[in-house]
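First the structure, in the form of structure tokens, and then the observations on it.
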Amino acid sequence: MNWNLIRGLTYLSMLIASALAFLGLAEFDPSTGMLNIHPFNAYGAAAALAGVISSGLASLALIRGWGRK
């Protein structure tokens, strides 16, 4: 078993959980250890993520010079 991968994924999941709690999208109960994610609009989240991802890819393509001959 690759323990470095498991440790990295654990750190990543805790980082995401902390970011959700910081942004007010989730609540962490320290007495039970439960993370409760608040309801959200999946269509709105998908639309927002599509814009962010496409802008990021366009910026990356510009920086890397993709599409030039």
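The values are calculated or read from the model by the stated rules, or taken from the named source; none is laboratory data. Everything numeric here is computed off the predicted structure, so don't read it as measured data. Cβ coordinates were reconstructed from backbone atoms using ideal geometry, including for glycine residues, and neighbour counts include every protein chain displayed.
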If you go through the range 23-34 one residue at a time, do you hit one that is outside any loop (DSSP other than H, G, I, E, B) and modelled with pLDDT under 90?
yes
Does at least one position in the range 50-60 carry a residue that is aliphatic (A, V, I, L, M) and at pLDDT below 90?
no
Asn36: at negative phi and surrounded by fewer than 10 Cβ atoms within 10 Å (Cβ to Cβ), yes or no?
no
Quick count over the range 12-46, residues being among the hydroxyl-bearing types (Ser, Thr, Tyr) and touching a residue at least 12 places away in the same chain (Cβ under 8 Å), is 0
